[in-house]
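Asker: Sending over a structure as structure tokens; questions will come in a sec.
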Amino acid sequence: MTRANNRLFWGFWIVLGLFWLALNPGIFAAGNFFALRGQMVQLSGVVAMAAMSVAMVLSLRPRWPEARLGGLDKMYRLHKWLGIGALGLAVFHWLWSQGPKWAVGFGLLERPSRGPRPEITDPDHQFLLDLRGTAEGLGEWAFYTVVALLLIALIKLIPYHVFRYSHRLVPVAYLVLAFHAVVLLDYGMWTTPLGPVMAILLLAGCYAALVSLAGRIGAGRRIAGEIAALRHYPGVRSLEAVVKLGPGWRGHAAGQFAFATSNAFEGAHPYTIASAWNPAAPSVTFIAKELGDHTTGLVDRLKVGQKITVEGPYGCFTFEDGLPHQIWVGAGIGITPFVARLKELAALEPGAVRPEIDLFHTTREVDEAALERLARDAQAANVRLHLLIDARHGRLTGKRIRETVPNWREASLWFCGPSGFGAALRADFAAHDMPVEGRFHQELFELR
């Protein structure tokens, strides 16, 4: 995550935790272990459900926080870590709930005497108490389900299609957990400032869950299209598809991406847009590399004339920083956003203000036709192209970039490619005093 999003992430937990503690100072004066247990169960449950609710809202791909969070890729990274945090707290919550029961069963703790329960005169309170057993039972099974689903999402060895289909069950589990939270939240909390906050978060999360179950995520940005042309580059195992768009597409900037659906059963998959926007001929170009179970075999499944749905555009990797010099690094299929920007620059009016640009393209695989086309695009855009084929030229490093671009300190660096390579370059330039938080731009093209 970016430094700003990292602060937002940790600030969320700290602020919400302190908010709950301010309303429940009794936790510091708990008279016995079971009194402390009740408070810890409440605290962990409230914060976990709040995090899950925010994660559910972010899964809708809303427009308003995208620019503020640095793009959909950064927003999904925050969604992922909120889910991980909620998972950890949910386990903590479950252990505080179940652990003491196990300890009593093994004779390690003595069950406390409850004494006579106070008479409940509030009908709403009594209604929730009557649902308590149901909420506890359903909540426990929903917890087990969420743990399994989130582990599937986090374990990259599990195929993407298994993750995708199983993740559809998360909204169902969330709705059950929301019911669990409403019933089991300390009744007195509903009349404190925490009550409206939790009500808003739970309602927003339930809305997001229902939208997801209805298959309406991103529905307002979906445009019907048709594949107009296909070009295969076997040397780099990549397929270029030109999609003619129907009415409704608002245009896009170079560096943005979109979700494309060619098969309703497989659903939408994200692809960086590899073309400049031309309102006179509305279309987008995607370049897909055979990297996973979906993209492998696209060359055989896609046909010219085939109907396709495009949703977008998304992302803030749009080359807008106002600096006089930019360094671009496209590793492998990560060259795609730079191809779009090259075409955008080539279409500028003569004399238009634009930065000086050095483009580094590093690749293990070679397709001469693809490389020749890239060279032509770079020449037309007046961009210096530095091509490095691993077997011939060795690996690209930060040192190599700095030697090639002497005035790199006045430049920004835009990177798209494997996340590990990007992290290494970022650390390298940070060690050489580049202000990476503002000048190192990286597309985190991992939505899992």
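Taken together, the values in this text are just the output of simple stated rules run on the coordinates, not laboratory data. This one's a predicted model, so the numbers in the text were calculated from it and none came from an experiment. With ideal geometry, Cβ positions are generated from the backbone for all residues, glycine too; neighbour counts draw on all protein chains shown.
Asker: Quick one: length gained pulling residue 389 to residue 306 fully straight, 0.36 nm per residue minus the C-alpha distance?
Answerer: Extending this stretch completely gives an extra 26.4 nm.
Asker: Between residue 403 and residue 30, what is the label-point separation in nm under the 7 Å Cα-to-beta-carbon projection?
Answerer: Between residue 30 and residue 403, the simple spin-label model gives 6.1 nm.
Asker: Determine the relative contact order of the chain: mean sequence separation of Cα pairs under 8 Å and six or more apart, normalised by residue count, in whole percent.
Answerer: 14
Asker: Suppose R0 equals 25 Å; then what is the FRET efficiency for residue 373 and residue 291 from their Cβ-Cβ distance, rounded to the nearest 0.05?
Answerer: Efficiency, from the Cβ-Cβ distance: 0.75.
Asker: Shifting gears a bit: I need the calculated FRET efficiency for the pair residue 7 and residue 353, taking r as the beta carbon distance and R₀ as 30 Å, to the nearest 0.05.
Answerer: 0.35
Asker: For the stretch 219-314, what does the alpha-carbon gyration tensor say about shape, rounded, prolate or oblate, given a ≥ b ≥ c as the root eigenvalues, a/c under 1.5 as rounded, and a/b over b/c as prolate?
Answerer: Since a/c reaches 1.5 and a/b is larger than b/c, the shape of the stretch 219-314 is classed as prolate.
Asker: When only Cα pairs under 8 Å and 6 or more residues apart are kept, what is the percent relative contact order across the stretch 325-442?
Answerer: 34
Asker: Once a ≥ b ≥ c are taken as the square roots of the eigenvalues of the Cα gyration tensor of the stretch 99-218, is the result rounded (a/c under 1.5), prolate (a/b larger than b/c) or oblate (a/b not larger than b/c)?
Answerer: oblate
Asker: Taking each full run of DSSP H in the chain as one helix, which ones are at least 15 Å long along their axis (Cα atoms) and have mean Kyte-Doolittle hydropathy of at least 0.5?
Answerer: 3-23, 33-58, 132-154, 170-184, 194-213, 419-431
Asker: Per DSSP H run of at least 4 residues, take -39500 (n - 2.57); add these up for the chain, divide by its residues and hand me the 222 nm value, nearest 500 deg cm²/dmol.
Answerer: Per the formula, -15500 deg cm²/dmol.
Asker: For the stretch 1-107, build the convex hull from the C-alpha positions and give me its volume per residue in Å³.
Answerer: 100
Asker: Quick one: which residues, 5+ away or cross-chain, put their amide H under 5 Å from the amide H of residue 356? H built at 1.01 Å from N.
Answerer: Correct list: 325, 326.
Asker: Moving on to the next point. What is the stretch 325-442 by shape, rounded, prolate or oblate, if you read a ≥ b ≥ c off the alpha carbon gyration tensor as root eigenvalues and call it rounded for a/c under 1.5, prolate for a/b larger than b/c, and oblate otherwise?
Answerer: Taking the square roots of the gyration eigenvalues as a ≥ b ≥ c, the stretch 325-442 is oblate.
Asker: Determine which lysines satisfy two conditions relative to residue 289: a Cα distance under 18 Å, and not lying fewer than 8 residues away in the same chain.
Answerer: Straight-distance partners of residue 289: 303.
Asker: Give the label of the value calculated from the structure for percent of Cα pairs over 36 Å apart, choosing from (i) 25; (ii) 31; (iii) 39.
Answerer: (iii)
Asker: Here is a follow-up. Enumerate by residue number the trypsin sites (Lys or Arg not before Pro) in the stretch 257-366 meeting two conditions: DSSP loop (anything except H, G, I, E, B), and at most 11 other Cβ atoms within 10 Å of the site's Cβ.
Answerer: Answer in residue order: 303, 364.
Asker: What FRET efficiency would be calculated for the residue pair residue 321, residue 192, taking the C-beta separation as r and a Förster radius of 45 Å, to the nearest 0.05?
Answerer: 0.50
Asker: Could you tell me the relative contact order of the stretch 219-314? Use alpha-carbon pairs under 8 Å, at least six residues apart, and round to a whole percent.
Answerer: Value for the stretch 219-314: 39 percent.
Asker: Which residues among the stretch 380-398 fall inside the zone where the amide N is under 20 Å from a point 7 Å beyond the Cα of residue 431, along Cα→Cβ?
Answerer: Correct set: 394-398.
Asker: May I ask for the Kirkwood hydrodynamic radius of the stretch 3-213, worked out over all distinct Cα pairs and given in angstroms to one decimal?
Answerer: So the Kirkwood estimate lands at 18.5 Å.
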